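Here's the structure, in structure tokens; my notes come after.
The values are calculated or read from the model by the stated rules, or taken from the named source; none is laboratory data. These numbers were taken from a predicted model, which means no experiment stands behind them. All Cβ positions, even for glycine, are placed from backbone atoms using ideal geometry, and neighbour counts span all protein chains on display. For accessibility, only protein heavy atoms count, side chains too; no ligands or nucleic acids. Shrake-Rupley method; radii C 1.70, N 1.55, O 1.52, S 1.80 Å.
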Amino acid sequence: MSHPRPPAIELTGLRKSFGDRVVLDGIDLAVPAGSVLALLGPNGAGKTTTVNILSTLMRADGGRAAVAGHDVAADPFAVRSSIGVTGQFSAVDGLLTVRENLRLMADLLRLDRATGQARAAALSERFDLLPYAAKPAATLSGGMRRKLDLAMTLMGRPSVVFLDEPTTGLDPRSRRDLWDIVRSLVADGATILLTTQYLEEADALADTVAVLDGGRIVAQGTPAELKRRIPGGAIHLHLPDAAGLDAAARAFPDGVRHDETSTYSLPAADGIPGLRRMLDRLAEHDVPASGLEVTSPDLDDVFLALTEPGRVAADDTRKAAR
Amino acid sequence: MSSISLALKDSRTMARRNLLRMRRYPSMTVLLVGMPILFLLLFVYVFGGTLGAGLPGGGGIGADGRAAYLDYVTPAIVVMAAAAAAQGTAISVAMDMTEGIVARFRTMAISPGSVLAGHVLGSVVQSLLAMGALLLVAVGLGYRPGASALGWLALVGLLTLMALALTWLSVALGLVSDSVETASNLPMFLVFLPFLGSGFVPTDSMPGPLAWFAEHQPFTPIIETLRTLLSGTAVDGATAAAAVAWSAGITVVGYLWARKLYRRER
């Protein structure tokens, strides 16, 4: 199991411009086989362009991209037979029924009839599509249509799956369903590159998060590593009553009082020594804290800290270029 | 499997998809088949009594004229039916392009030409059915084609070639349109072009420049050839050659244009 496998997706110095607008300004990425990489970034950061290049829909202006060991520019056909793509916009045939859509995929994948039917049945079962088998795709809810979309993508058993903002516009339950599906794909050994604007999603699914902004990767690491890189976070003291909250406020005037939850929040302590000083001070002031909770910064903090300055800089260079 | 047999298999899959879509969206098919039939009724029963009387060798005003005009106008309306079907092709290609499904096809290991070939095959079938339906209605109204067995074979061949030309051209028009609305308007000229030819009145009754245009536009030799094939009279070789040449030329231009448009990034 620990045997290192070659990366399933590898990008070096990938560049793409539309006219004089630079969308990708030298992207380097390596996604190990069987892992999930989340490409995180604001609108217009270049996430979809990256997916479009990797899925052979677009050609890069420079750099190299390989998927499943095949160069996307030199051998797009080989790349296509290894990948599955579920884009931002529904890629189902709205006039065809769920069953016919899956059959269409089976025919295009040139599966024999029995295999095609078996896969369609298994995926319909897994994605709760069976009750809708005879319904035209256009009549499905957004969540069900996205599931059909993904089921069609998986008919070919792709080893590399691209999910471009797979849960945008879905209700929370459908989003959770989709997350479960992604996890089961990884369990089956697929490599996944997903783009998202939702930090929670990257946090829940990704082994590695790459933050894309202004056409560059501005940060890369596990969700935990990224959170450690930036300051933030808080300590929440649990107090029994209003008198306890008063005592906490006297001890730490810079905190925030939450009467409704009977907690008192402080800025994060400076490591273990800071935590010890805080505990000493609680004792000195007889603060009757019944418990405490330390929260690390969430990916939202990471996102805001990393993308905003970068975006301004990128906009400035673009203006200068014009 | 060789790449050609793969391309054929993919094209067949795509054509089946398009025929299924036509069945699922019958209102457009009904409209496209129904409109030429309405035109036939309009021209025969409203205008036919008078227009027929003006034809060389036409009967008098009224029933005789109507019968003569039915004979004269039916080939033009058959062509119009193919043009109307082509309009449907442009719409369905544009609809496809605005949806995500084509992006999915482009990321699959299938023959790249099969998406358009599927549209063309499906549309040609639809077009031939529409023309057949129109001929049946004309027969119901009293039209009596005098074509021989060989004549019918030649007729089906020419109609298929013409449908192919109009379909490839409208696939390109559908691709060049940035919206479904544009795609439904662009091929309109194809429906009107037969009017500016020998389809409805003989070209020598038109004023000079218009008559020149009418004699030299592609639909005129096609309609003339159809008319002689249907009536069972001798086909003029040069006219038939022009009809085939126009159809083949438009097919090639439409195909190359469509292929170029489909290959560009979007």
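What to note about this one:
- Output for region A:57-70, where each listed residue is open to solvent by 50 Å² or more (accessible area, probe 1.4 Å) and part of a strand (DSSP E or B): A:GLY63, A:ARG64, A:HIS70
- B:TRP257 vs. criteria in a helix (DSSP H, G or I), under 16 Å from the mean Cα position of the chain (by Cα), closer than 30 Å to B:LEU175 by Cβ and more than 14 Å from every other protein chain (Cβ to nearest Cβ): no
Here's the yes/no breakdown for (1) part of a helix (DSSP H, G or I); (2) more than 14 Å from every other protein chain (Cβ to nearest Cβ); (3) modelled with pLDDT under 90:
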{"residue": "B:PHE105", "(1), (2), (3)": "yes, no, no"}
{"residue": "B:ILE110", "(1), (2), (3)": "no, no, no"}
{"residue": "B:LEU116", "(1), (2), (3)": "yes, yes, no"}
{"residue": "B:VAL120", "(1), (2), (3)": "yes, yes, no"}
{"residue": "B:SER127", "(1), (2), (3)": "yes, yes, no"}
{"residue": "B:GLY132", "(1), (2), (3)": "yes, yes, no"}
{"residue": "B:LEU136", "(1), (2), (3)": "yes, yes, no"}
{"residue": "B:VAL139", "(1), (2), (3)": "yes, yes, no"}
{"residue": "B:LEU155", "(1), (2), (3)": "yes, yes, no"}
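- Of all the listed residues (B:THR89, B:THR98), the sole one being among the polar types (S, T, N, Q) and within 14 Å of chain A (Cβ to nearest Cβ) is B:THR98.
- Some residue of region A:34-54 being farther than 30 Å from A:ALA224 by Cα, free of Cβ contacts under 8 Å to residues at least 24 places away in the same chain and more than 10 Å from chain B (Cβ to nearest Cβ): no
- Note on region A:141-157: among residues that are assigned to a loop (DSSP other than H, G, I, E, B) and within 14 Å of chain B (Cβ to nearest Cβ), the one that is farthest from B:MET22 (Cα to Cα) is A:ARG157.
- Looking across region A:27-41 at every residue that is in a loop (DSSP other than H, G, I, E, B) and not hydroxyl-bearing (Ser, Thr, Tyr), the one that is nearest to the chain's Cα centre (by Cα) is identified as A:GLY41.
- Residue list for region A:118-135, filter: in a helix (DSSP H, G or I) and of a type in the set (A, V, I, L, M): A:ALA118, A:ALA120, A:ALA121, A:ALA122, A:LEU123, A:LEU130
- Condition met for A:VAL98 (open to solvent by less than 40 Å² (accessible area, probe 1.4 Å), in contact (Cβ under 8 Å) with a residue 40 or more places away in the chain, at the interface with another protein chain (Cβ under 7 Å from one of its Cβ atoms) and under 28 Å from the mean Cα position of the chain (by Cα)): no
- Within region B:106-119, the set of residues being open to solvent by less than 10 Å² (accessible area, probe 1.4 Å) and without any contact (Cβ under 8 Å) to a residue 60 or more places away in the chain comprises B:THR107 only.
- B:LEU164 being surrounded by fewer than 20 Cβ atoms within 10 Å (Cβ to Cβ), closer than 26 Å to B:LEU256 by Cβ and of a type outside the set (Val, Ile, Thr): no
Each row is one residue, and each column tells you yes or no for (1) modelled with pLDDT under 80; (2) among the basic types (Lys, Arg); (3) more than 16 Å from B:GLY142 (Cβ to Cβ).
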| position | (1), (2), (3) |
| --- | --- |
| B:VAL33 | no, no, yes |
| B:LEU41 | no, no, no |
| B:TYR45 | no, no, no |
| B:GLY52 | no, no, no |
| B:GLY60 | yes, no, yes |
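- Each residue in region B:38-70 was checked for being closer than 12 Å to B:PHE200 by Cβ and of a type in the set (A, V, I, L, M), and 5 of them qualify.
One line per residue, one yes/no per condition, for (1) basic (Lys, Arg); (2) out of contact with any strand residue (DSSP E or B) (no Cβ under 6 Å at 6 or more places or on another chain); (3) crowded, with 16+ Cβ neighbours inside 10 Å; (4) at pLDDT below 90:
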{"residue": "B:VAL201", "(1), (2), (3), (4)": "no, yes, yes, yes"}
{"residue": "B:ASP204", "(1), (2), (3), (4)": "no, yes, no, yes"}
{"residue": "B:THR220", "(1), (2), (3), (4)": "no, yes, yes, no"}
{"residue": "B:ILE223", "(1), (2), (3), (4)": "no, yes, yes, no"}
{"residue": "B:THR239", "(1), (2), (3), (4)": "no, yes, yes, no"}
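- The residues of region B:7-25 that are open to solvent by 30 Å² or more (accessible area, probe 1.4 Å), out of contact with any Ser or Thr (no Cβ under 6 Å at 6 or more places or on another chain) and within 11 Å of chain A (Cβ to nearest Cβ), listed by number, are B:LYS9, B:ARG12, B:ARG16, B:LEU20, B:ARG23, B:ARG24, B:TYR25.
- On the stretch given as region B:84-103, residues that are part of a helix (DSSP H, G or I), open to solvent by 10 Å² or more (accessible area, probe 1.4 Å), closer than 30 Å to A:PHE162 by Cβ and not hydroxyl-bearing (Ser, Thr, Tyr) total 3.
- Scanning region B:30-68 for residues that are of a type outside the set (A, V, I, L, M, F, W, C), under 25 Å from the mean Cα position of the chain (by Cα) and surrounded by fewer than 17 Cβ atoms within 10 Å (Cβ to Cβ) turns up B:GLY34, B:TYR45.
Here's the yes/no breakdown for (1) surrounded by fewer than 23 Cβ atoms within 10 Å (Cβ to Cβ); (2) farther than 19 Å from A:ALA190 by Cα; (3) assigned by TED's automatic domain parsing to the domain that holds A:LEU163:
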site	(1), (2), (3)
A:ALA30	yes, no, yes
A:LEU39	no, no, yes
A:LYS47	no, yes, yes
A:VAL72	no, no, yes
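- Counting the residues of region B:213-254 that are in a loop (DSSP other than H, G, I, E, B) and either touching a Gly at 6+ places or on another chain (Cβ under 6 Å) or of a type in the set (S, T, N, Q) (or both) gives 3.
- Taken together, A:ALA202, A:ALA138 contain a single residue that is closer than 30 Å to A:PRO42 by Cα, open to solvent by 20 Å² or more (accessible area, probe 1.4 Å) and either away from chain B (no Cβ under 14 Å) or in a helix (DSSP H, G or I) (or both), which is A:ALA138.
- Across region A:78-94, the number of residues qualifying as surrounded by 21 or more Cβ atoms within 10 Å (Cβ to Cβ) and at the interface with another protein chain (Cβ under 7 Å from one of its Cβ atoms) comes to 8.
- Residue in region A:101-133 that is farthest from the other protein chains (Cβ to nearest Cβ), counting only those that are of a type in the set (S, T, N, Q) and surrounded by 15 or more Cβ atoms within 10 Å (Cβ to Cβ): A:SER124
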